[in-house]
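The values are calculated or read from the model by the stated rules, or taken from the named source; none is laboratory data. What you are looking at is a predicted structure, and each value in this text was computed from that prediction instead of being measured. Just so you know, the surface numbers come from the protein's heavy atoms only, side chains and all, with ligands and any DNA or RNA stripped out. Shrake-Rupley method; radii C 1.70, N 1.55, O 1.52, S 1.80 Å.
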Amino acid sequence: MIPWLLTVPILMTQTTPTPLPEVEAKNLPPAARGPMTPKVPDVGADASALGQARQGARRGPSIPALQLPAGSCRVKDKIPDLSGWRAYAVEVPGGGSIKVHVVEGRKAWFRVLGMNAWGREEPGLLQNRIPTGEPQATYRNPGPEVRTIYFVVDTLDPNMVGEPFTVEVTRG
């Protein structure tokens, strides 16, 4: 028997994955609340007037968040203001998982932070601590109840107001 004939049915049964639905961030509702400001170093701040203004914009008690829809999707967004970050709230069912990944835009200029409502890490959150140029964070809910988790897309440069990016939200 000819071995290459065995591979033909396998190749013919492979399908391309269906693309995720795209959502414009301006069409997302605001979340009931956003996370508290996280205690992470601002790598985009510097001693310039712009860097000082950015630090002032990040001193608020919380970050306004947008509520992500149920299911996996791609969200087209842009950095809204001088603070340099955009927060998303997501409901994760017990035992469920979610991955938020910046897939379009100047990816190496972004990072994704996962946190709870208090702006802190909790069990189940996995951060991308090594700067690989792949801004992403994941969460696996270890408990049986639904948890609200926040993902913050943060910029690494002080002058990125209006910078477009696309976030891919994949639920497991």
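Some notes on this structure:
- Shown here: the chain, whose C-alpha atoms stretch 73, 38, 32 Å along the first, second and third principal axes, sorted largest to smallest.
- Nonpolar atom fraction for the chain, defined as the carbon and sulfur part of the 1.4 Å probe accessible area, stands at 61 percent.
- Under conditions of 25 °C and 0.890 mPa s, the stretch 57-116 yields 183 µm² s⁻¹ as its translational diffusion coefficient, taking Rh as the Kirkwood radius over Cα pairs in the Stokes-Einstein equation.
- Candidate cross-link partners of Lys76 among the lysines, defined by an alpha-carbon separation under 18 Å and a same-chain spacing of 8 or more, comprise Lys26, Lys99, Lys107.
- Normalised contact order of the stretch 98-172, rounded percent, pairs of Cα under 8 Å and 6 or more residues apart: 48 percent
- Rolling a 1.4 Å probe over the protein heavy atoms gives the chain an accessible area of 56 Å² per residue.
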